[in-house]
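The values are calculated or read from the model by the stated rules, or taken from the named source; none is laboratory data. Keep in mind that this is a model prediction, so the values were computed, not measured. Note that each Cβ is placed from the backbone with ideal geometry, even for glycine, and that neighbours are counted across all protein chains shown. The accessibility values were calculated without ligands, DNA or RNA, using every heavy atom of the protein model including side chains. Shrake-Rupley method; radii C 1.70, N 1.55, O 1.52, S 1.80 Å.
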Amino acid sequence: MQTLLPEPVRRLAAWCVVALLVAGVVAVGVWLVVALKTAVTPVLLALLGTALLGPLHRRLVRMRVHRSLAAGLTCAAVVVVMGGAVYVVVHALIETGDQILAALRQAARDVAKHFGAAGTSLDDVATNAKDLLAKFGGTAASGVISGLSVVGELIAASVLALLLIFFFLRDSHRAAGVLRSLAPRSTGDVVEAMGRRAFEAVEGFMRGTTFIALIDAVCITVGLLILRVPGAVGLGALVFVGAYIPYLGAFISGTVAILVALADRGFVIALWVLGVVVAVQLLEGHVLQPAIQSRTVQMHPAVVMLAITAGASIAGVLGMLLAVPLTAAVFGVIGELRTRYSAGTDSGTGSETGSETDSGSADS
């Protein structure tokens, strides 16, 4: 029956089957993430951390450092670097936070002057903030309590993720064997190849995004310092963090920088800040992205935006952070399946051609 179907129809049927299988796996994965969000979140964060720190751990292992010691040193380096970065960011925000807030309040006043009643009501809300807090004190107190609980959950998830990073790094050489043991015997090679391709995609995305975020933050911070915009270091830190949410993070951090410049330094300086932000984004889109992430999975901007929207609807800000690397992993798996299917089709066509040639020579 299969031989009676034309080749394009067989290929289309095979692609439909693969697409249905991938869609089913993705649907089950999303359902599990939502149902077990508290347990799954540290695991996903640990996988991203392992993808980012894997090269450092492998370098230490190649230097004849024991795997457990190399994993411990890598995690310790992460704690030192992240602790130092958090200290610098918090210190900068504490020192310049009042300036940034004052500049944003001034921007609200400017909006009130230009847009009349709508802006005036916005200014009234900012002016009467204390009265609003006093009126809704119970709500504010419950909000503080819930905020503290969220902070506690984040700290617990971070500690668990750090421990998982240690174990993932230490036992990374056993990952292929684990995948093979979980997969049916006939599909062990395929499952291992898909796992490697997915992890390589996430690894490349994390390394490239971190490097690009650092360059963006440094360039924008230097530009803001030259233009003497208040809170330049804090705004640069916001740019670095926002870079992990493609497009949306850059838009938010750039908008805040422009508003601060508009309120504190005037319209001309705000235009210069806009030029700096646009120049950095053009540098990222036309130079950094092709040069740094050219060997990883490339995704269309529409796919990225859809992934961010879906991640935000499922898990909020955390979902926005995890959506793009997980989508990169899915694209890596699809690329591996496409490569294997194409190779299988080509070899099948070649074998049919060879058999026809052999039969023709035998007939002759």
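The condition (being over 25 Å from LEU326 (Cα atoms), surrounded by 20 or more Cβ atoms within 10 Å (Cβ to Cβ) and more than 16 Å from the chain's Cα centre (by Cα)) is satisfied by just one residue among LEU224, LEU282: LEU224. Evaluated against (1) over 26 Å from LEU45 (Cβ atoms); (2) among the β-branched types (Val, Ile, Thr); (3) assigned to a loop (DSSP other than H, G, I, E, B), THR221 falls short on exactly one condition, (3). Within region 257-277, the set of residues being open to solvent by less than 70 Å² (accessible area, probe 1.4 Å) and either without any contact (Cβ under 8 Å) to a residue 60 or more places away in the chain or of a type in the set (Gly, Ala, Ser) (or both) comprises ALA257, ILE258, ALA261, ALA263, GLY266, ILE269, ALA270, VAL273, GLY275, VAL276, VAL277. The listed residues are LEU48, LEU36, LEU60, LEU69, and the only one of them that is in contact (Cβ under 8 Å) with a residue 12 or more places away in the chain, of a type in the set (A, V, I, L, M, F, W, C) and farther than 13 Å from LEU162 by Cβ turns out to be LEU60. Please verify whether region 195-202 includes one or more residues that are charged (D, E, K, R), under 18 Å from ALA279 (Cβ atoms) and part of a helix (DSSP H, G or I). For region 195-202, residues charged (D, E, K, R), under 18 Å from ALA279 (Cβ atoms) and part of a helix (DSSP H, G or I): absent. Can you confirm whether LEU235 is modelled with pLDDT of 80 or more, touching a helix residue (DSSP H, G or I) at 6+ places or on another chain (Cβ under 8 Å), open to solvent by 50 Å² or more (accessible area, probe 1.4 Å) and hydrophobic (A, V, I, L, M, F, W, C)? So LEU235 does not fit the description; no.
Residues are listed down the side, and each one gets a yes or a no for (1) closer than 16 Å to ALA198 by Cα; (2) in a helix (DSSP H, G or I):
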site: THR41; (1), (2): no, yes
site: LEU47; (1), (2): yes, yes
site: ALA51; (1), (2): yes, yes
site: GLY54; (1), (2): yes, yes
site: ARG58; (1), (2): no, yes
site: ARG64; (1), (2): no, no
site: LEU69; (1), (2): no, yes
site: CYS75; (1), (2): no, yes
site: GLY83; (1), (2): no, yes
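Is it the case, given these coordinates, that VAL333 is farther than 18 Å from LYS37 by Cβ, open to solvent by less than 60 Å² (accessible area, probe 1.4 Å) and touching a Lys or Arg at 6+ places or on another chain (Cβ under 8 Å)? Criteria met by VAL333.
Give me a count of the residues in region 197-216 that are touching a residue at least 60 places away in the same chain (Cβ under 8 Å) and open to solvent by 50 Å² or more (accessible area, probe 1.4 Å). Here the count works out to 5. Scanning for something within 30 Å of HIS66 (Cβ to Cβ) and of a type in the set (Ser, Thr, Tyr), does region 234-246 turn up at least one residue? Within region 234-246, not a single residue is within 30 Å of HIS66 (Cβ to Cβ) and of a type in the set (Ser, Thr, Tyr).
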